[in-house]
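Step one of this worksheet: look at the structure below.
The values are calculated or read from the model by the stated rules, or taken from the named source; none is laboratory data. Keep in mind it's a predicted model, so treat the numbers as computed, not measured. Cβ atoms come from the backbone with ideal geometry, glycine included; neighbour counts cover every protein chain shown.
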């Protein structure tokens, strides 16, 4: 549970606020060789409290480049604003204001940029006048930097280009013409509410990148950088050439391997919430984890013609202490103690606090509302397995609809852990930052089993309450058997289900083409439903019945206890003379 510093921090920070300098000096012809430093963030998810420290790091690099005649590019690979009260109360406006102040050069659009749907209160289109992408378009108009979206196309296959949204752009940094293009994961339609993409299609990455990068080269770009809300993962970062710790089947690795050599110089990735700092098919590929805890960096050394001679790929830089993935956690200038960067102390940028003052104050008032119950212990969170935090959420979701047989949710929908101690509104908001309303329906148990099967084989991991499931393999075919209180549930049994609007409308692929089987409770956001029963379920929280987790007896049991489930075909029995007859 996050503890936030008093509003006095804001006032103290403002007393020493300073304006930020311009990101780029006036463009001149490149005389090279010189250095272009590319700093990239991704999956910040509204954690703007990290930005005063990011600003301190970036300013040190900018000072170093001003001293040697080079330049700096500041980029973001998507999922900028969904996730915190500071950001969500204004549907991402705070993040764009902060990025304007930091002088970002460009961003790409991630799946969660679609979460707020139309401008205004509706998070999905509910009237014919609702524009499904209205909020993104409003944020783009607010931005002093372009939103890049080369593979987001209209249904007719043409580029999607509302004001300040474009496939690519060329910027000049220290006299070097740099082409920037943005793409988003091919899985975007199932990673946000699909109703907000009804006017769009997501084209495969490779062909779009090759076409747009070629066009940028023809337009005079000597460097091409791809901002990709698509990712992968590595676990060690000491040697950029060593891919042995990387899951090279990740979307970003597949893209880099497929590109024509020499076409793209750098890819800044995201979406996967992992780290990458490696060279793939001659391309510098970086990805900076999540929630503003880390940034990535590549230094391109270019010749007099502006063409890259080599690229230095830095390990991920941990913002708060230089060593670990710890949260910044507060707006206090004492919250972090990063070691020097570029040979200079890293300064907390109080100006950023001033830019976000009203957002901080509004969020703090909401966050501190007590819910009247103490959590008896911590509830850790995981997006890749069952967890106490997800069980806490789904148990309370079922309790919010008395008499409902079961609740089902996705592990990636629970976004935080819950600490022991007094539970506040802010704690539940951190668990459930999405504005999806609840959906209820009565459906055959077989459809629930199908949803669980899709989750355990394709992801995201399903989380259930009121029911258990056993996943087994019949040869190469996985099967799901449901039970309640130890008794089997027949596939044709009708069961009452409560879930999120996102899942009921086809999100995550759990309930495809079943939207008509669920009724939406438009006056009941899922988060508020959970908040409404915290006090009522106090005894269950204290006893462990709510949020209970037994690692030795999971609610969904899979072969080997792992995800995703993969059933291998049984080897054929050896043939004998008799068996060949």
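Taking the stretch 130-155 as the range and being crowded, with 24+ Cβ neighbours inside 10 Å, touching a helix residue (DSSP H, G or I) at 6+ places or on another chain (Cβ under 7 Å) and either modelled with pLDDT under 95 or in a loop (DSSP other than H, G, I, E, B) (or both) as the test, the residues that pass are 133, 150, 151.
So, residue 221, is that one crowded, with 23+ Cβ neighbours inside 10 Å, over 25 Å from residue 162 (Cα atoms) and either touching a strand residue (DSSP E or B) at 6+ places or on another chain (Cβ under 7 Å) or outside the structural domain of residue 76 (by TED's automatic domain parsing) (or both) or not? When the stated conditions are applied, residue 221 does not pass them.
Here is a check on your reading of the model: is residue 269 within 21 Å of residue 62 (Cα to Cα) and either touching a helix residue (DSSP H, G or I) at 6+ places or on another chain (Cβ under 7 Å) or modelled with pLDDT under 95 (or both)?
For residue 269, the condition - within 21 Å of residue 62 (Cα to Cα) and either touching a helix residue (DSSP H, G or I) at 6+ places or on another chain (Cβ under 7 Å) or modelled with pLDDT under 95 (or both) - is not met.
Would you confirm whether or not the stretch 453-464 contains a residue that is out of contact with any helix residue (DSSP H, G or I) (no Cβ under 7 Å at 6 or more places or on another chain), surrounded by fewer than 23 Cβ atoms within 10 Å (Cβ to Cβ), within 29 Å of residue 47 (Cα to Cα) and modelled with pLDDT under 95? Yes, the stretch 453-464 contains a residue that is out of contact with any helix residue (DSSP H, G or I) (no Cβ under 7 Å at 6 or more places or on another chain), surrounded by fewer than 23 Cβ atoms within 10 Å (Cβ to Cβ), within 29 Å of residue 47 (Cα to Cα) and modelled with pLDDT under 95. Checked across the stretch 524-536, the condition of being over 29 Å from the mean Cα position of the chain (by Cα) and farther than 20 Å from residue 196 by Cβ holds for at least one residue.
One line per residue, one yes/no per condition, for (1) in contact with a strand residue (DSSP E or B) (Cβ under 7 Å, 6 or more places away or on another chain); (2) surrounded by 15 or more Cβ atoms within 10 Å (Cβ to Cβ); (3) in the same structural domain as residue 194 (by TED's automatic domain parsing); (4) within 19 Å of residue 460 (Cα to Cα):
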position: 471; (1), (2), (3), (4): yes, yes, no, yes
position: 480; (1), (2), (3), (4): yes, yes, no, yes
position: 484; (1), (2), (3), (4): no, yes, no, no
position: 507; (1), (2), (3), (4): no, yes, no, yes
position: 519; (1), (2), (3), (4): yes, no, no, no
position: 530; (1), (2), (3), (4): no, yes, no, no
position: 535; (1), (2), (3), (4): yes, no, no, no
position: 540; (1), (2), (3), (4): no, yes, no, no
position: 545; (1), (2), (3), (4): no, no, no, no
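Of all the listed residues (56, 120, 69), the sole one being farther than 30 Å from residue 339 by Cβ and either surrounded by fewer than 23 Cβ atoms within 10 Å (Cβ to Cβ) or at pLDDT 95 or above (or both) is 120. Evaluating residue 284 against the criteria (1) touching a residue at least 40 places away in the same chain (Cβ under 8 Å); (2) surrounded by fewer than 17 Cβ atoms within 10 Å (Cβ to Cβ) leaves one unmet condition, (2). Given the conditions (1) touching a residue at least 40 places away in the same chain (Cβ under 8 Å); (2) part of a loop (DSSP other than H, G, I, E, B), and given that residue 364 satisfies all but one, which numbered condition is not satisfied? Condition (2) is where residue 364 drops out. Kindly indicate whether any position in the stretch 182-191 is surrounded by fewer than 19 Cβ atoms within 10 Å (Cβ to Cβ), in contact (Cβ under 8 Å) with a residue 12 or more places away in the chain, more than 20 Å from residue 103 (Cβ to Cβ) and under 17 Å from the mean Cα position of the chain (by Cα). Yes, there is a match, as at least one residue in the stretch 182-191 is surrounded by fewer than 19 Cβ atoms within 10 Å (Cβ to Cβ), in contact (Cβ under 8 Å) with a residue 12 or more places away in the chain, more than 20 Å from residue 103 (Cβ to Cβ) and under 17 Å from the mean Cα position of the chain (by Cα).
Residue 76 versus (1) more than 30 Å from residue 134 (Cα to Cα); (2) at pLDDT 95 or above; (3) buried (at least 19 other Cβ atoms within 10 Å of the Cβ): which is the lone unmet condition? For residue 76, the exception is condition (1).
Taken residue by residue, the stretch 82-105 has no member that is assigned to a strand (DSSP E or B) and buried (at least 22 other Cβ atoms within 10 Å of the Cβ). Scanning the stretch 528-545 for residues that are within 22 Å of residue 408 (Cβ to Cβ) and either part of a helix (DSSP H, G or I) or at pLDDT below 95 (or both) returns 528, 529, 530, 531, 532, 533, 534, 540, 541, 544, 545. With respect to being within 28 Å of residue 187 (Cβ to Cβ) and in contact (Cβ under 8 Å) with a residue 12 or more places away in the chain, residue 459 fits the description. The set of residues in the stretch 333-346 that are part of a loop (DSSP other than H, G, I, E, B) and either surrounded by fewer than 19 Cβ atoms within 10 Å (Cβ to Cβ) or touching a strand residue (DSSP E or B) at 6+ places or on another chain (Cβ under 6 Å) (or both) comprises 333, 334, 337, 339, 340, 342, 343, 345. The condition of being in a loop (DSSP other than H, G, I, E, B), in contact (Cβ under 8 Å) with a residue 40 or more places away in the chain, under 30 Å from residue 354 (Cβ atoms) and in contact with a strand residue (DSSP E or B) (Cβ under 9 Å, 6 or more places away or on another chain) holds for only one of 292, 329, that being 292.
Looking across 488, 525, 444, one residue alone is on the phi < 0 side of the Ramachandran plot and crowded, with 17+ Cβ neighbours inside 10 Å. It is 525. Scoring residue 409 on the criteria (1) outside any helix (DSSP H, G or I); (2) buried (at least 22 other Cβ atoms within 10 Å of the Cβ); (3) over 20 Å from the mean Cα position of the chain (by Cα) leaves a single failure, condition (3).
A Cβ distance below 8 Å, combined with a sequence gap of six or more or placement on separate chains, defines the contacts here; from the stretch 220-240, residues that are touching a residue at least 24 places away in the same chain (Cβ under 8 Å) and on the phi > 0 side of the Ramachandran plot reach residues that are surrounded by fewer than 24 Cβ atoms within 10 Å (Cβ to Cβ) and assigned to a strand (DSSP E or B) in the pairs 220/170; 220/177.
Only residues that are on the phi < 0 side of the Ramachandran plot and within 14 Å of the chain's Cα centre (by Cα) were counted across the stretch 271-321, and they come to 8.
Scanning the stretch 412-433 for residues that are crowded, with 23+ Cβ neighbours inside 10 Å and either closer than 24 Å to residue 512 by Cα or in the same structural domain as residue 191 (by TED's automatic domain parsing) (or both) yields 413, 414, 432.
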